[in-house]
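Working notes, structure below.
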Amino acid sequence: MTATILTSSELATDHRLHKLSKTLEQAGYQCEFVCRIKSNHLPFKGTNKVHYLNTIWQSSALFYLIYNLRIFFFLLFHKTNLIISIDLDTLVGCGLAKLFKQSKLIFDSHEYFPESPEINTKPWIKAIWKLAEKFFIPLVDIGITVCQPIADIYKNKYNKDFLIIRNAPSAKREIKETSITSKQRLFTILYQGAVNNGRALRELVQAMNFIEEAQLIIVGSGDIFEELKKLSDPLGDKVLMTGKVPFDKVASYTANADLGIALLEDMGLNNYYALPNRLFDSLHAGLPMLGINFPEIEKFINEYKFGTTIDNIEPQNIAKAINKIINNPSQLKEWHENALSARKYVNWEDESHKLISILKTN
């Protein structure tokens, strides 16, 4: 049996895709990926077969239109038992193909796409995605998402039950040392993830003006990378930006930091109900967290007692919270130990059993 995973994200940096493929292989499927060609993508080092679709455009409405048409025609003439659509931006092409094929359709929603910061401020584009959601989600055979509030949205709007599979790291993941270090050991603050709007990154960089003897490392790339680089240039070595890093190397940055960051701006339900991947990565690395007090983030940090939250993202408020943490090493050590203790309760192996079970019964 073949499972075809279709995504618009980059294979080398999206760890969930690889964990998902391994889970499907355990369930008896031979997995392959379909993704877009990006001009600056990192090389993919996995063993799965990959089909690259060229869209010419790298962004904008034209990209999504062309990419979903390419997905539709690819699937229409491609034999597969299981179609796995990753996020709403591939569901249109996958859903159209489902109308003509006997393949089962899985929708893995990593976020609530119509309320993402990039879309939520564009009413007509948001309306189009909501229309796509309304038409294609009823065609889904198995729905997956990352947290309860998003599952509740789909249930309330479309009476569709979604399986919650949190994006936890594998319990068997190896962590290697990284080469990026400061000349002398400073307290290291880490942000890992997309460098996009809505992540409070401008405020975080500005907060470094009020924090002494510390270094901020930003691991990732995205729409505001160059803007953020210019903003951080006056701070010199206090802010280091790595750009894209393959998922198998990100863990080393996490393990070598002192404090992780999970701050978001209130720019729609997608951010408000977010449960960022970096919370799970940080927990596994024993890295204490500073997060925003949005429901899922605050619940996760408080449940495992490995950090604290703040109620606003003004630079001086961020700095005040971080300085308080730096000056309380005993609290930091306790959070570190709590995170390490919680790893056995939060791992991909436990999460993925839910998908294996439902595949066996469908």
Of the residues ILE325, ILE292, which single one is within 29 Å of LYS19 (Cβ to Cβ), among the β-branched types (Val, Ile, Thr) and either in contact with a helix residue (DSSP H, G or I) (Cβ under 6 Å, 6 or more places away or on another chain) or at pLDDT 90 or above (or both)? ILE292
Criterion violated by ILE356 - all others in (1) in contact with a helix residue (DSSP H, G or I) (Cβ under 7 Å, 6 or more places away or on another chain); (2) closer than 14 Å to PHE306 by Cβ satisfied: (2)
Within the bounds of region 229-244, is there any residue that is modelled with pLDDT under 95, closer than 23 Å to TRP348 by Cβ and surrounded by 18 or more Cβ atoms within 10 Å (Cβ to Cβ)? no
In the set LEU75, LEU105, LEU96, which member is farther than 25 Å from HIS18 by Cβ and crowded, with 18+ Cβ neighbours inside 10 Å? LEU96
Of the residues that make up region 32-54, is at least one under 23 Å from SER352 (Cα atoms) and either touching a Lys or Arg at 6+ places or on another chain (Cβ under 6 Å) or part of a helix (DSSP H, G or I) (or both)? yes
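Just to be sure, is THR55 in contact with a strand residue (DSSP E or B) (Cβ under 6 Å, 6 or more places away or on another chain) and open to solvent by 10 Å² or more (accessible area, probe 1.4 Å)?
Details: in contact with a strand residue (DSSP E or B) (Cβ under 6 Å, 6 or more places away or on another chain): yes; open to solvent by 10 Å² or more (accessible area, probe 1.4 Å): no.
Taking the combined requirement at face value, the residue does not satisfy it.
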Can you spot a residue in region 59-82 that is polar (S, T, N, Q), outside any loop (DSSP other than H, G, I, E, B), in contact with a strand residue (DSSP E or B) (Cβ under 8 Å, 6 or more places away or on another chain) and at pLDDT 95 or above? no
By residue number, the members of region 131-152 that are part of a helix (DSSP H, G or I), under 17 Å from LEU99 (Cα atoms) and touching a Phe, Trp or Tyr at 6+ places or on another chain (Cβ under 7 Å) are ILE137, PRO138
Residue that is nearest to PHE77 (Cα to Cα) [pool: residues in region 1-14 that are open to solvent by less than 30 Å² (accessible area, probe 1.4 Å) and at pLDDT 90 or above]: THR4
When LEU91 is run through (1) open to solvent by less than 30 Å² (accessible area, probe 1.4 Å); (2) under 23 Å from GLU349 (Cβ atoms); (3) in a helix (DSSP H, G or I), the failure sits at (2)
Give the residue that is farthest from THR4 (Cα to Cα), with candidates limited to residues of region 15-41 that are open to solvent by less than 40 Å² (accessible area, probe 1.4 Å) and among the aliphatic types (A, V, I, L, M). ALA27
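The values are calculated or read from the model by the stated rules, or taken from the named source; none is laboratory data. This structure is a prediction, so every number in the text was calculated from the model and none was measured. Glycine also receives a Cβ, built like all others from the backbone with ideal geometry; neighbour counts cover every protein chain displayed. Surface areas here come from the heavy atoms of the whole protein model, side chains and all, with no ligands, DNA or RNA. Shrake-Rupley method; radii C 1.70, N 1.55, O 1.52, S 1.80 Å.
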